[in-house]
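Here the structure is laid out as structure tokens; the discussion comes afterwards.
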Amino acid sequence: MKTAKQFLAETDPEIYDVFTSERKRQEEGIELIASENVVHPAVLAAAGSVLTNKYAEGYPHARYYGGCEVVDVAEDLARDRAKRLFGCDHVNVQPHSGSQANMAVYLAMLRPGDTILAMDLSHGGHLTHGSAVNFSGKIFNFVHYGVKREDGRIDMDDVEKKAMEHKPRMIVCGASAYPREIDAEAFQRIAGKTGALLMFDIAHIAGLVATKLHKDPVPWCDFITTTTHKTLRGPRGGMVMCKAEHAKAVDKIVFPGIQGGPLMHIIAAKAVAFKLALEPSFKDYQKQILANAKALADALTGYGFDLVSKGTDNHMMLVDLRNKGLTGKAMEHALNEAGLTVNKNAVPFDTEKPMITSGIRIGSPAVTTRGFKEPEMKRIAAWIDRISKDIENEALCAAIKGEVKELCSRFPIYDGLA
Ligand SMILES: *Cc1c(COP(=O)(O)O)cnc(C)c1O
């Protein structure tokens, strides 16, 4: 008997090498990209399973292919668990990604050219919230709201003013780079007043929402979209939740509207992740994500870093590096040399180009999964501070990389996994 991995090593040594090198990179470095996480080995097993062989166009018990009775069990479990986890009326677990979940909602409810009000990309919104280079911005007429210059928080007066003025068919809340809790009830008040549908894209904060550490948005939203791979800690993928009245429209647009066959191995892996997320320990994990983000934010503030909105309510923070005379690009590069992975990120009202930026985004989900707690977050802040003071010093980055590797060796990611 051989494992799938052994077959891979024999069949394709080049890809096997990528696989082992990437595992080593993940084990030895500190992952601070806010949208990343580390899945449970059981999720890995499902994602790498023979379910990838199966075509299952359609939905459970109503497929266009024979032989779906086994994979139907997986999709039923994924749907039931997702509904229990979020308390929503209906869920579609087939979207291949968060972007496709958003595409599904827009195309299910709107016509090309319709107006959507969403958060400005440069203030923390996502590409699929109306970027000119994205399908969303090409097909629909997006109007954008942003954050206030004084405190970095969403300007709800701006949202209301633009909703009254443009009468959007849909309002989108949710973001990719926003460190504060988003108030779905306040958005619904505006959507209700102006006759708009409300969609909340919880791609980043899904784990916090599922565990109710952020206020439950389900009662206020017509649609909730998410990824399954960020704080939710599942396989790479997307999902749409909605009120019962929109269930048919959503299912019809996901398939046959925008996708063909669902990825049944990924749907099985989603089911596993949802099962894990329903366990009480998942709430403890989400609480630690918050505690770790706060510990890092406080420590960085102590070193004189300027955090957008002065802190965080979630798993991420945005550091405005302008008071340190640094760019996001330079900082991302230096931190990477030291084994700390972050992404450069525009800050609100940024004056640098998107490929340079004035900020970095830092998140706690992945390091929390590997077991880091407040003391480790303080060490990370100290490393970031040292590097920021001497950003060109390659020897310093190399020395810190050694310290990072030593710390990581005490917090293995896939300990005991063959
Ligand atoms: C990550 C993200 C998405 C898209 O997810 P993909 O799976 O990368 O397509 C959508 N919306 C928001 C707010 C996100 O942060």
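The values are calculated or read from the model by the stated rules, or taken from the named source; none is laboratory data. Everything quoted here is computed from the prediction, not taken from an experiment. Cβ sites come from the backbone with ideal geometry, for glycine too, and all protein chains shown count toward neighbours. To get the accessible areas, we keep the full protein, side chains included, count just its heavy atoms, and leave off ligands, DNA and RNA. Shrake-Rupley method; radii C 1.70, N 1.55, O 1.52, S 1.80 Å.
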Legend entry - For the range 352-364, 3J(HN,Hα) per residue [Karplus equation, 6.51 cos²θ - 1.76 cosθ + 1.60, θ = phi - 60°, Hz, x = Gly/Pro]: 8, 5, x, 7, 10, 6, 9, x, 10, 10, 10, x, 9
Legend entry - Positive minus negative residues near Gly238 (Lys, Arg vs Asp, Glu; Cβ under 13 Å): +2
Inset, instruction - Please list the non-local residues whose amide H lies under 5 Å from the amide H of Ile360, H modeled 1.01 Å from N, same-chain partners needing a gap of 5 or more. - result: Val319, Leu321, Asn345
Inset, instruction - Could you pull the accessible area for Ser388 with a 1.4 Å probe, rounded to 10 Å²? - result: 10 Å²
Inset, instruction - Before rounding to the nearest 500, sum -39500 (n - 2.57) across all DSSP H runs of length at least 4 in the chain and divide by the residue total; then give [θ] at 222 nm in deg cm²/dmol. - result: -13500 deg cm²/dmol
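Of the listed pairs Lys287/Lys344; Lys167/Lys310; Lys83/Lys378; Lys138/Lys270; Lys212/Lys389, which have alpha-carbon separations greater than 29 Å here? Working shown, then result.
Working: Lys287/Lys344 26 Å; Lys167/Lys310 33 Å; Lys83/Lys378 37 Å; Lys138/Lys270 31 Å; Lys212/Lys389 39 Å.
Checking Cα-Cα distances, Lys167/Lys310; Lys83/Lys378; Lys138/Lys270; Lys212/Lys389 exceed 29 Å.
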Inset, instruction - Could you pull the accessible area for Phe140 with a 1.4 Å probe, rounded to 10 Å²? - result: 10 Å²
Legend entry - Accessible-area composition of the chain, carbon plus sulfur, in percent [1.4 Å probe]: 54 percent
Legend entry - Amide H within-cut-off set for Val147, under 5 Å, with H built and near neighbours excluded: Asp155
Inset, instruction - DSSP loop (so not H, G, I, E, B), at most 11 other Cβ within 10 Å: list which GluC sites (Glu not before Pro) in the range 341-417 pass both filters. - result: Glu392
Inset, instruction - At 37 °C and 0.692 mPa s, grab the translational diffusion coefficient of the range 46-277 from Stokes-Einstein with a Kirkwood Rh over Cα pairs, rounded to a whole number in µm² per second. - result: 185 µm²/s
Inset, instruction - Output ³J(HN,Hα) for the range 383-389: one whole-Hz value per residue in order, computed from phi by the Karplus curve 6.51 cos²θ - 1.76 cosθ + 1.60 with θ = phi - 60°, and x for Gly and Pro. - result: 4, 4, 4, 4, 5, 5, 7
Inset, instruction - Would you please classify the overall shape of the chain from the alpha carbon gyration tensor, given that a ≥ b ≥ c denote the square roots of the eigenvalues, rounded means a/c under 1.5, and beyond that prolate means a/b larger than b/c while oblate covers the rest? - result: oblate
Legend entry - 18 Å Cα-Cα reach of Lys252 towards lysines, excluding residues that sit fewer than 8 places from it in its own chain: Lys243
Legend entry - HN-Hα J in Hz across the range 323-331 - Karplus 6.51, -1.76, 1.60, θ = phi - 60°, x for Gly and Pro: 5, 9, x, 10, 9, x, 4, 5, 5
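Indicate the gyration tensor shape class of the range 287-409 (rounded, prolate or oblate), computed on the Cα atoms with a ≥ b ≥ c the square roots of the eigenvalues: a/c under 1.5 is rounded; otherwise a/b larger than b/c is prolate and the rest oblate.
oblate
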Inset, instruction - Find how many whole Å separate the alpha carbon centroid of the range 76-106 from the alpha carbon centroid of the range 229-255. - result: 2 Å
Inset, instruction - Starting from the amide H of Ala203, placed 1.01 Å from N in the peptide plane, find each other amide H under 5 Å away whose residue is 5 or more places distant or on another chain. - result: Thr227
Inset, instruction - Provide the net charge surrounding Asn393, with neighbours chosen by a C-beta distance below 10 Å and charges set as Lys +1, Arg +1, Asp -1, Glu -1. - result: -2
Legend entry - Per residue accessible area of the chain, 1.4 Å probe, in Å²: 43 Å²
Inset, instruction - Could you tell me whether the range 1-121 comes out rounded, prolate or oblate from its Cα gyration tensor? Rule is a ≥ b ≥ c as square roots of the eigenvalues, rounded for a/c under 1.5, then prolate if a/b exceeds b/c, otherwise oblate. - result: oblate
